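The values are calculated or read from the model by the stated rules, or taken from the named source; none is laboratory data. What you are looking at is a predicted structure, and each value in this text was computed from that prediction instead of being measured. Because the Cβ atoms are built from the backbone with ideal geometry, glycine has one as well, and the counts that use them run over all protein chains shown.
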Amino acid sequence: MKTTKMRQERLKNEWTLEYVAEKLGITKAACSNIETLKRRPSYEVLVKIENLFKLPHRDLLEQVPDKNILAE
């Protein structure tokens, strides 16, 4: 499964998908789709992602190996 550093950071911070989606003002499904690279976020959501995670979106949306497939 494709995943992003955003997902890894979310899990590292022990944030739920629901929590991040609420902070970004999007649905849980939309947040999941962004994390798995099935959907591209709008510019407005990109800014919110950067502010929430305190990392550049280029880093957060980078595809990385998924080490936690069974974590959720």
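Determine which member of the set Glu50, Glu44, Glu35 is in contact with a His (Cβ under 6 Å, 6 or more places away or on another chain) and not basic (Lys, Arg). Give the derivation first.
Numbers: Glu44 fails: in contact with a His (Cβ under 6 Å, 6 or more places away or on another chain); Glu35 fails: in contact with a His (Cβ under 6 Å, 6 or more places away or on another chain).
One residue alone meets the criteria, Glu50.
Keeping to the range 9-27, report how many residues are of a type in the set (S, T, N, Q) and farther than 19 Å from Arg40 by Cβ.
Total satisfying the criteria: 2.
May I ask you to verify whether Thr16 is β-branched (Val, Ile, Thr), in contact (Cβ under 8 Å) with a residue 24 or more places away in the chain and touching a helix residue (DSSP H, G or I) at 6+ places or on another chain (Cβ under 9 Å)?
It is false that Thr16 is β-branched (Val, Ile, Thr), in contact (Cβ under 8 Å) with a residue 24 or more places away in the chain and touching a helix residue (DSSP H, G or I) at 6+ places or on another chain (Cβ under 9 Å).
Filter the range 1-21 down to the residues that are assigned to a helix (DSSP H, G or I) and of a type outside the set (Ser, Thr, Tyr) and list them by number.
Lys5, Met6, Arg7, Gln8, Glu9, Arg10, Leu11, Lys12, Leu17, Glu18, Val20, Ala21
Looking only at the range 22-47, which residues are exposed (fewer than 15 other Cβ atoms within 10 Å of the Cβ), assigned to a helix (DSSP H, G or I) and either of a type in the set (Gly, Ala, Ser) or touching a residue at least 40 places away in the same chain (Cβ under 8 Å) (or both)?
The answer is Ala29, and nothing else.
Working only within the range 48-58, note down all residues that are surrounded by 13 or more Cβ atoms within 10 Å (Cβ to Cβ) and either touching a strand residue (DSSP E or B) at 6+ places or on another chain (Cβ under 7 Å) or at pLDDT 95 or above (or both).
Of everything in the range 48-58, those that are surrounded by 13 or more Cβ atoms within 10 Å (Cβ to Cβ) and either touching a strand residue (DSSP E or B) at 6+ places or on another chain (Cβ under 7 Å) or at pLDDT 95 or above (or both) turn out to be Lys48, Ile49, Glu50, Leu52, Phe53, Leu55.
Check whether at least one residue in the range 19-37 is in contact with a Ser or Thr (Cβ under 9 Å, 6 or more places away or on another chain), at positive phi and of a type in the set (A, V, I, L, M), and report yes or no.
Yes, the range 19-37 contains a residue that is in contact with a Ser or Thr (Cβ under 9 Å, 6 or more places away or on another chain), at positive phi and of a type in the set (A, V, I, L, M).
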